[in-house]
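Down below is the structure, laid out as structure tokens.
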2 protein chains.
Amino acid sequence: MGNADDHMYPSSNDYNFHATSANQRVAIPPPQPFVKSLKNTLKETFFPDDPLRQFKNQPPKKRFILGLQYVFPIFEWGPRYTLDFFKSDLIAGITIASLAIPQGISYAKLANLPPILGLYSSFVPPLIYAIMGSSRDLAVGTVAVGSLLTGTMLSKVVNANEDPKLYLHLAFTATFFAGLFEASLGIFRLGFIVDFLSHATIVGFMGGAATVVCLQQLKGILGLDHFTHETDIISVMTSVFTQIHEWKWESAVLGCVFLFYLLLARFFSKRKPKLFWISAMAPLTSVILGSILVYLTHAEKHGVPVIGHLKRGINPASIMDLNFNSQYLPTTIKTGIVTGIIALAEGIAVGRSFAMFKNYHIDGNKEMIAFGMMNIAGSCTSCYLTAGPFSRSAVNFNAGCKTAVSNIVMAIAVMITLLVLTPLFHYTPLVVLSSIIIAAMLGLIDYEAAIHLWHVDKFDFLVCMSAFVGVVFANIEIGLILAIGLSIMRVLLFVARPRTVVLGNIPDTKVYRNIDHYTNTNNVPGVLILEIEAPIYFANSSYLRERIARWIDDEEDRIKSSGETSLQYVILDMGAVGNIDTSGISMLDEVKKVVDRRGLKLVLANPGAEVMKKMNKSKLLETIGQEWIFLTVGEAVGACNYMLHTCKPKMGSGESEKYSNNV
Amino acid sequence: MGNADDHMYPSSNDYNFHATSANQRVAIPPPQPFVKSLKNTLKETFFPDDPLRQFKNQPPKKRFILGLQYVFPIFEWGPRYTLDFFKSDLIAGITIASLAIPQGISYAKLANLPPILGLYSSFVPPLIYAIMGSSRDLAVGTVAVGSLLTGTMLSKVVNANEDPKLYLHLAFTATFFAGLFEASLGIFRLGFIVDFLSHATIVGFMGGAATVVCLQQLKGILGLDHFTHETDIISVMTSVFTQIHEWKWESAVLGCVFLFYLLLARFFSKRKPKLFWISAMAPLTSVILGSILVYLTHAEKHGVPVIGHLKRGINPASIMDLNFNSQYLPTTIKTGIVTGIIALAEGIAVGRSFAMFKNYHIDGNKEMIAFGMMNIAGSCTSCYLTAGPFSRSAVNFNAGCKTAVSNIVMAIAVMITLLVLTPLFHYTPLVVLSSIIIAAMLGLIDYEAAIHLWHVDKFDFLVCMSAFVGVVFANIEIGLILAIGLSIMRVLLFVARPRTVVLGNIPDTKVYRNIDHYTNTNNVPGVLILEIEAPIYFANSSYLRERIARWIDDEEDRIKSSGETSLQYVILDMGAVGNIDTSGISMLDEVKKVVDRRGLKLVLANPGAEVMKKMNKSKLLETIGQEWIFLTVGEAVGACNYMLHTCKPKMGSGESEKYSNNV
């Protein structure tokens, strides 16, 4: 494939580079041994935050201590603990305990589990987290969405009413697997998987899940006996409105009153952030008021369902209850993985937000190991799935927590409740728990975030809405699959359809920018400048090849109709092509052939290190010719202009075919 | 978040822009209505080659004709057909027919189907393709890998020996679903899905599949009666070497002789490309020689298995045989989809290669519809899965085909064979068919491509080898899943771990490039210049935020030890950030906060249209300040230098905290 015009016209080597401000040739980067670049890539992929940087240049004894502090962060901040910290943590701990107790009992019912499990789960897991976790603000506890998912997924194989013991054991086993999965993600540093759930997806999914949870509470609020097993809005509304005669007005009124009280408390706290404790105490006061009301009116004898007897004493061991029977194994593993992922996504997001705000750093993978251990230990001590719910952590933060000791305080408060105070909940009406859940869930429906998405990026909004609709109108699993699928598809589409733009010259400069962005740009006669704005991989190389061919077609059509100088040079600005693989190199080779056949010349500008390296190894560099690769678009255009004005300015189409390859 | 230094020091607005060559502000791009940008995105995603451009500005009658030509390309090239073309196509057609007949019979046995099906499948499908296909060089026929896959996947539910009728009907049904799937991909323009199988993956997968097919032929060559049902190399080798006493030396010798003959013919043809017909005729001559040999020696009475009776007559209709029984539906659908995708991947790649070489264009989605129709029609006329195998298309190309009429000629030749010549194959020994298959498969093992991958991109080589090993040591489905999974994971990793580099100044220029690429760069005192070399999405925003923080840490460590001017400015070169979503905007917001807290100033250079648009909508633009966003890195450095030299040069860490936010 000879360059015929090399013989007829001056070559670009004659171009006087001293005329420009840079006579720098585009360099082939210095070779790097494969092992070193593999090491670097593995390091960037799995250890981007370089967690071992502090271990450098330390004596072995110090390394042991640092290692211990790394695995159990409590040994790091523990010695620095002061009385001031303890005062703040005490207040925060008691505040979140007052939230943990009613919420724990409520969420356990969401999962069709005995209410006492909610209290157990606020005792052991927070202690584990305080030892192993990195966040100073995260408050550990059960989560509504995880509880609902556990309930729906396990109910497919076991009916909680008919076989409560088996159901309980399966719940512990699912929690064990959730913990195992979370810890594995952390140990193998696969934490970046969680990053693939975009914020838009999580907003939509959580909003939908919160809506579903609220709809489920209609059973408790309206006092219905028979209710659909499905979770989608159509089934629930059908179930509710076909049983209008079954509605119990007493439950409904009581539920609405308490719900109103809780929402009022939250509204107050939002108005005056200093009074956050009003909203934090509201659930516990509702429970107390409700209990008193039922006790005084003996309403439990009139059919108002109450919690009833709660066993005293702390968590019994449940390690012998784990059920690895192969009949249920697929279900428990699946439940564990799904609930584990959702718990992680929320917990990591919460931990990161507060760390960002308070300006400390948390290691995502370490957090996952902490969550994992928390759940593994919990499954052996009669707890079910726990995580770091945002609402509770926000209360913890507002209450002024300083370290994870607030979790220890909460755990101790819950322990005291378990040992002494359980009889107090005997008369608590279940409808109060439903109100507490609804009030908490309404906080999870983040419509402000959705509106923000609509304004900034409508595609993100579409993804958010799809996840929401999937959860509300189908079921949670379909919604989750839709959410993850949309996220991954968006990533793949980003890669598969990268942007290509035409560049024009900003007047009186050597700067070339996107003609759609800067409307005052001029085009350069006889030269088409394209910029490829993404790395070139197998997933987009076919598309790019066709797109570049189409840009050239469009430009030639435009020139034909406007009568300008015919096109002779095609400059590709490679500045944004951060990486390229073998398919990408083939694509450039094919573009060179296509461009040659049309009698044009291909020029490259500003190729990065990776691109130069691979072009060199694959001999594409020789094919294009190193003299046609320039450091900047400005220099490339300069060389082309020089050639255009020194040589015959117009090459008719007949002549160009003479020098093309015989096909 | 006030900028305290705005009051104390001159602002960057005072910077004399006239001193630089451009006083261009970075513009916010003109707003584009959402519908228009949605339309553009959909167009780029699904119609990147703008197939309807030819329809613009045409009267309705012409549009109808163009539409007909679009769906049935034969109406486009048919009227231009000449006698010269026919001469070339006749020769090519006869050549590929001589290949189609023995290969068709052989591959049908790979799929455990009656040999006559191989001939049926070279009759109807090529006719359909000639009407609807766009490639001028593709030769249609059955493929070895697809046949093997059909055989292994259907054999899981039905034993071909015990219930041949059901097996046959399921094969037709699987072909129907394959055609339906292929046509749907084409109609919904989801063809880009095939692009996600990288070339490296396909080389590895095809090489592994070819190896597996060769291993399967050991049964025929060695004349073994009992053979493993597994396809992996360990099982096959065990099966072969534990039955050494069962080897039939006659079969083995005959097989090796014919194999040697075929390989010799191919070697010859490679040496002298003009003698390609030697290698093309070799399989047919082997069949004829083998038949003569058996006939003369009456070997079929001595236990040499032969083809036996082949029914005369063309394809019987099989539309009533399609079995949609729900018991087998999952298997047939799965077989259809898997074989369909593999057939597509090879066929599209083949079509594109020849189109590239001969400089015409084929529409990938249209080709998929053609393949789909071919298989749907085939399933109703006693054919099984067909595609465009590379070996046959290469012979077609070398034989000088001009249009798809070569496929019509081949179909007619096969029809003549079916009507008249089937008795000729009565005495063909099966061992000859095995040799033909092995010879064809050895051509599919593209070790040269693998070596090229090793040299250019070792990660691509790793992907290739993983696919190969997966197929050879586990089974084809696991190998395929591994291949697709690795491809997608590589894409996701590309996105999740984008490159960030430090830029330095190329001496005597205003150009800033990667310091690892250009070793003569100087750094700018007090300024850290980072370039983010990929679009910023949710999948990589957390990573990027941590990585930028780490770059700043590293730079401050380096400065501390070297005693240079302390860091004051962090410039982010956004030139390669082609796109950004809401998570990316949040990430930039968080980076601004982190940088502010450390007493540094964040400066942006060369943000693209998308980035400016989204920063404007999300108010990030106000937060950063439009005066700190520059068109080029050079201008940004100029402004920073101006500030550094006009104001107090060193801001100690104590002073910077005075002006940071109270945390």
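Test B:ILE532 against the stated conditions and say whether it is under 30 Å from the mean Cα position of the chain (by Cα) and at the interface with chain A (Cβ under 10 Å from one of its Cβ atoms).
Yes; evaluated as a whole, the condition is true for this residue.
Of the conditions (1) touching a helix residue (DSSP H, G or I) at 6+ places or on another chain (Cβ under 7 Å); (2) modelled with pLDDT under 85, A:PHE64 clears all except one; give me its number.
(1)
Just to verify a result, which residue in segment A:536-592, among those that are facing another protein chain (nearest Cβ under 9 Å) and hydroxyl-bearing (Ser, Thr, Tyr), is farthest from the chain's Cα centre (by Cα)?
A:SER586
Among the helices (runs of 4 or more DSSP H) confined wholly to segment B:514-633, which include 2 or more residues that are free of Cβ contacts under 8 Å to residues at least 12 places away in the same chain?
Here the list reads B:538-562.
For segment A:419-430, does any single residue satisfy the condition of being touching a strand residue (DSSP E or B) at 6+ places or on another chain (Cβ under 6 Å) and open to solvent by 10 Å² or more (accessible area, probe 1.4 Å)?
There is at least one residue in segment A:419-430 that is touching a strand residue (DSSP E or B) at 6+ places or on another chain (Cβ under 6 Å) and open to solvent by 10 Å² or more (accessible area, probe 1.4 Å).
Using beta carbons and a limit of 6 Å, which pairs, at least six apart or on different chains, have the first residue in segment B:403-417 and free of Cβ contacts under 8 Å to residues at least 60 places away in the same chain and open to solvent by 20 Å² or more (accessible area, probe 1.4 Å) and the second one part of a helix (DSSP H, G or I) and aromatic (Phe, Trp, Tyr)?
If the second residue must be part of a helix (DSSP H, G or I) and aromatic (Phe, Trp, Tyr), no pairs are left.
Check whether at least one residue in segment B:385-402 is under 23 Å from A:ARG550 (Cβ atoms), of a type in the set (S, T, N, Q) and in a helix (DSSP H, G or I), and report yes or no.
No: segment B:385-402 contains no residue that is under 23 Å from A:ARG550 (Cβ atoms), of a type in the set (S, T, N, Q) and in a helix (DSSP H, G or I).
Read through the list (1) under 28 Å from A:ILE488 (Cα atoms); (2) touching a Gly at 6+ places or on another chain (Cβ under 7 Å); (3) open to solvent by 10 Å² or more (accessible area, probe 1.4 Å), then give the number of the only condition that B:ARG497 fails.
Just one mismatch for B:ARG497, condition (2).
Tell me, which residue of segment B:363-379 that is open to solvent by 10 Å² or more (accessible area, probe 1.4 Å) and not charged (D, E, K, R) is farthest from the other protein chains (Cβ to nearest Cβ)?
Across segment B:363-379, the extreme among qualifying residues is B:ALA377.
Return the only residue of A:ILE529, A:ILE506 being at pLDDT below 90 and either within 24 Å of A:PRO607 (Cα to Cα) or open to solvent by 40 Å² or more (accessible area, probe 1.4 Å) (or both).
One residue alone meets the criteria, A:ILE506.
Regarding segment B:448-456, can at least one residue be identified that is within 14 Å of chain A (Cβ to nearest Cβ), over 25 Å from B:MET153 (Cα atoms) and of a type in the set (Gly, Ala, Ser)?
Looking for residues that are within 14 Å of chain A (Cβ to nearest Cβ), over 25 Å from B:MET153 (Cα atoms) and of a type in the set (Gly, Ala, Ser), one finds at least one in segment B:448-456, hence yes.
For (1) more than 14 Å from chain A (Cβ to nearest Cβ); (2) touching a residue at least 60 places away in the same chain (Cβ under 8 Å); (3) among the β-branched types (Val, Ile, Thr), each residue gets a yes or a no:
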{"residue": "B:PHE196", "(1), (2), (3)": "no, yes, no"}
{"residue": "B:VAL203", "(1), (2), (3)": "no, yes, yes"}
{"residue": "B:LEU218", "(1), (2), (3)": "yes, no, no"}
{"residue": "B:GLY223", "(1), (2), (3)": "yes, yes, no"}
{"residue": "B:HIS226", "(1), (2), (3)": "yes, no, no"}
{"residue": "B:VAL253", "(1), (2), (3)": "yes, no, yes"}
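Checking the condition more than 14 Å from chain B (Cβ to nearest Cβ), within 30 Å of A:VAL294 (Cβ to Cβ) and either within 18 Å of the chain's Cα centre (by Cα) or crowded, with 21+ Cβ neighbours inside 10 Å (or both), which residue from A:SER393, A:SER382 passes?
Answer to the selection: A:SER382.
Identify the residue in segment B:593-631 that is among the acidic types (Asp, Glu) and more than 8 Å from chain A (Cβ to nearest Cβ) and, among all such residues, is most open to solvent (accessible area, probe 1.4 Å).
Once the filter is applied, the top-ranked residue is B:GLU622.
Go through segment A:502-513 and give me each residue that's in contact with a Lys or Arg (Cβ under 9 Å, 6 or more places away or on another chain) and either within 9 Å of chain B (Cβ to nearest Cβ) or of a type in the set (Lys, Arg) (or both).
A:ILE506 - this is the single residue of segment A:502-513 that is in contact with a Lys or Arg (Cβ under 9 Å, 6 or more places away or on another chain) and either within 9 Å of chain B (Cβ to nearest Cβ) or of a type in the set (Lys, Arg) (or both).
Pull up segment A:182-191, narrow it to residues that are open to solvent by 30 Å² or more (accessible area, probe 1.4 Å) and among the hydrophobic types (A, V, I, L, M, F, W, C), then point me to the one that is farthest from the other protein chains (Cβ to nearest Cβ).
Here the residue is A:ILE187.
Of the numbered conditions (1) surrounded by 18 or more Cβ atoms within 10 Å (Cβ to Cβ); (2) facing another protein chain (nearest Cβ under 9 Å); (3) not polar (S, T, N, Q), A:CYS464 satisfies every one except a single condition; which is it?
Failed condition: (2).
Name every residue in segment A:151-181 that is among the polar types (S, T, N, Q), surrounded by 15 or more Cβ atoms within 10 Å (Cβ to Cβ) and farther than 13 Å from A:LEU385 by Cα, in order of residue number.
A:THR152, A:SER155, listed by residue number.
Looking at B:SER435, B:SER487, can you tell me which residue is within 18 Å of the chain's Cα centre (by Cα) and either modelled with pLDDT of 85 or more or not charged (D, E, K, R) (or both)?
B:SER487
Being touching a helix residue (DSSP H, G or I) at 6+ places or on another chain (Cβ under 6 Å) and either open to solvent by 30 Å² or more (accessible area, probe 1.4 Å) or within 13 Å of chain B (Cβ to nearest Cβ) (or both) is the filter here, so list the residues in segment A:339-353 that pass it.
Hits for segment A:339-353 are A:ALA345, A:ILE348, A:GLY351.
The values are calculated or read from the model by the stated rules, or taken from the named source; none is laboratory data. What you see is a predicted model; the values in this text were computed from it and never measured. All Cβ positions, even for glycine, are placed from backbone atoms using ideal geometry, and neighbour counts span all protein chains on display. Surface areas here come from the heavy atoms of the whole protein model, side chains and all, with no ligands, DNA or RNA. Shrake-Rupley method; radii C 1.70, N 1.55, O 1.52, S 1.80 Å.
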